[in-house]
Amino acid sequence: MSSVESFDVLIIGGGFAGASTAYNLAKKGLKVLLIDSKPWERIGDKPCGDAVSKEHFDRLGMPYPEGKELEQKIEGIKIYSPDMKTVWTVKGEGFELNAPAYNQRILREAEKGGVEIRDMTTAARPVFSDGFVRGAVLVDRRTNREYEVKAKVVVEATGYSMSVRSKLPPGHILAEPLDDKDTDIAYREVGYTSANIEEPEYLRIFITQQASPGGYWWYFPKGKDKVNVGLGIQGGMNYGSVHEYYRKYLSVYAPDLKEVKIRGGALVPTRRPISTLVWNGMLVVGDSAFTVNPVHGGGKGSAMISGYCAARAILNAFEVGSFDARTLWDANRCYLEMYGAKQASLEIFRRFLQKLSDADINYGMEKRVIREEDLLDASVSGDLHLSVADKAMRILAGLGRPSLLFKLKSVADFMGQMKSLYKRYPATPEGLERWKAEVKELIERFEIALR
Ligand SMILES: Cc1cc2nc3c(=O)[nH]c(=O)nc-3n(C[C@H](O)[C@H](O)[C@H](O)COP(=O)(O)OP(=O)(O)OC[C@H]3O[C@@H](n4cnc5c(N)ncnc54)[C@H](O)[C@@H]3O)c2cc1C
């Protein structure tokens with residue numbers, strides 16, 4: 001090892017999570033280093049649908065995408081039932097991004113605010129001693145030089161790879177693994193269309209267990225003649241290859257895709273957030289901390305929220321002069337309040353949705369067992385209000401699928417229980433193991449209720 005350098009904060013990974021952490025730490029007088037394995041011009045370039053709700057930018061005070069960073073302004077989503085006979089329109093403003101361009105702008109702004117950025121630099125492993133993460137061993141990918149960086153706080157923002165926290169000592173609380181069934185295997189292509197797209201300001205989502213089991217197909221316009229098309233399927237279920245589904249059903253969901261420019265896939269975590277985003281000397285943000293929305297798989301907005309919360313906790317830790325789990329704990333409170341509690345209740349909803357048949361979904365959407373408003377409400381707050389479904393239950397009980405309606409009522413109850421459990425998230429690290437056991441027990445009870 002040739003040398004050791006020292007920083008206040010080392011951020012590993014420059015995607016949306018790492019970039020927003022850096023952006024929120026800029027101009028605060030700290031010595032911050034952000035590294036990414038990729039060359040500058042490829043940072044932020046990862047397989048994605050690139051759609052982000054405007055609300056995230058407003059809430060966090062992040063600049064809106066502009067110029068070439070913005071490919072299409074979004075006004076809402078059209079959700080298609082499996083038989084395509086029912087189409088719901090859910091209104092909501094958003095952006096279809098040129099994600100690398102926006103991501104790199106945020107990094108440049110952080111750099112202007114004093115953050116040092118090194119591209120082509122990989123963290124090989126964390127430096128760990130006396131129960132604290134104290135830095136990382138880095139590799140300069142241009143020269144293969146290995147060197148150590150010491151930092152009072154290390155932020156892991158390595159995306160789905162979890163490539164640093166997975167190398168913590170076995171059993172470390174931040175080494176929490178991911179169950180394959182809590183993932184979606186997603187693939188997308190971006191290209192030009194044979195004709196102009198009708199209503200490019202609407203994203204399209206096709207729910208179909210047949211063509212994307214446990215996930216959905218999407219068609220996200222990037223202007224009048226360019227589109228991002230893809231699908232996700234649930235991991236760990238032996239459903240087969242995502243590429244095969246793509247080839248088999250592309251002509252159904254995007255018959256107009258002609259000239260493909262970009263292709264690629266990746267995995268998405270679809271569960272509640274990691275039990276704690278922090279421990280001694282370390283914070284985890286973004287996909288690495290499972291911050292993705294379990295129902296729709298969008299993770300860029302919540303990655304930015306986790307970055308914001310991490311930065312807030314770090315600034316507080318430097319004021320106090322302590323970097324242990326207890327001091328950094330505020331990142332958990334912040335993230336769970338802003339997004340994570342809702343995420344946990346949506347994991348319950350996701351588990352329910354993945355078990356429905358196409359016939360159930362056709363029926364539920366056509367008969368409005370849940371309505372667009374309920375869905376919107378659930379996606380904003382994580383609550384499923386069933387006043388309408390309750391009424392429907394009485395009317396329809398004798399008609400067709402009472403079991404579906406009864407299940408839905410039970411799902412709503414469990415979602416409420418999960419949210420209230422998250423409201424009781426422990427105030428200090430000491431209560432964590434007990435609380436984790438309660439979460440596990442609630443999920444087990446829900447799985448039994450669903451059978
Ligand atoms: C096909 C697909 C479609 C999606 N569609 C949407 C969508 O429409 N909207 C949405 O909001 N979300 C979507 N998502 C999810 C979204 O892409 C992610 O949630 C989000 O990009 C995560 O950001 P991140 O910063 O946590 O991770 P990443 O963007 O993965 O960034 C991690 C960075 O860390 C770097 N890195 C990793 N390991 C190391 C290391 N050891 N040393 C140095 N650098 C390292 C990587 O090079 C990378 O730049 C989709 C995901 C997929 C796969």
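Values in this text are rule-based calculations from the coordinates and carry no lab data. Fair warning: this is a prediction, and the values are worked out from it, not measured in the lab. Using ideal geometry, Cβ is built from the backbone for each residue, glycine included, and neighbour counts are taken over all protein chains shown.
List every residue whose amide H lies under 5 Å from the amide H of Met282, counting only residues 5 or more places away in sequence or on a different chain, with H placed 1.01 Å from N in the peptide plane.
Here the answer is Val133, Val154, since their amide H atoms fall under 5 Å of that of Met282.
In nm, give the distance between the simple-model label positions of Lys224 and Glu93, each being 7 Å from the Cα along the Cα-to-Cβ direction.
It works out to 2.3 nm between the two label points.
Measuring from label point to label point, each 7 Å out along Cα→Cβ, what is the Ser241 to Glu41 span in nm?
3.2
Assuming R0 = 25 Å, can you tell me the calculated FRET efficiency for the pair Glu447 and Val380, based on Cβ-Cβ distance, to the nearest 0.05?
0.45
What share of the DSSP beta bridges in the chain is antiparallel, in percent to the nearest 5?
Close to 70 percent.
Of Lys85/Lys342; Lys355/Lys409; Lys85/Lys222; Lys27/Lys68; Lys28/Lys152; Lys38/Lys300, which pairs sit farther than 20 Å apart, going by alpha carbon to alpha carbon?
Lys85/Lys342; Lys85/Lys222; Lys27/Lys68
What's the whole-number percent of alpha carbon pairs in the chain lying beyond 33 angstrom?
Cα-Cα pairs of the chain separated by over 33 Å account for 36 percent.
In percent, what relative contact order does the chain have, based on Cα pairs under 8 Å that are 6 or more apart in sequence?
Worked out over the chain, it gives 16 percent.
For the chain, give me every cysteine whose Cβ has no other Cys Cβ within less than 4.7 Å, ordered by residue number.
Cys48
Where does helix 16-25 land angle-wise versus the long Cα axis of the chain, in degrees 0 to 90, nearest 10?
For 16-25 against the chain, the angle is about 50 degrees.
Calculate, in nm to one decimal, what Asp180 and Lys261 gain on full extension: separation in residues at 0.36 nm each, minus their alpha carbon distance.
Here the answer is 26.2 nm.
If you take the beta carbon distance between Tyr64 and Lys423 as r and set R0 to 25 Å, what does 1/(1 + (r/R0)^6) give as a FRET efficiency, to the nearest 0.05?
0.20
Report the label-to-label distance for Ala124 and Ser410 in nanometres (one decimal), using points 7 Å from each Cα along the Cα→Cβ vector.
About 5.3 nm, to one decimal.
How much length would be gained if the chain were fully extended between Lys27 and Glu146, taking 0.36 nm per residue of separation minus their Cα-Cα distance, in nm to one decimal?
Between Lys27 and Glu146, full extension yields 39.9 nm more.
As I understand it, the value is the acute angle between the Cα axis of helix 432-450 and the longest principal axis of the Cα atoms of the chain; what does it come to in degrees, rounded to 10?
20
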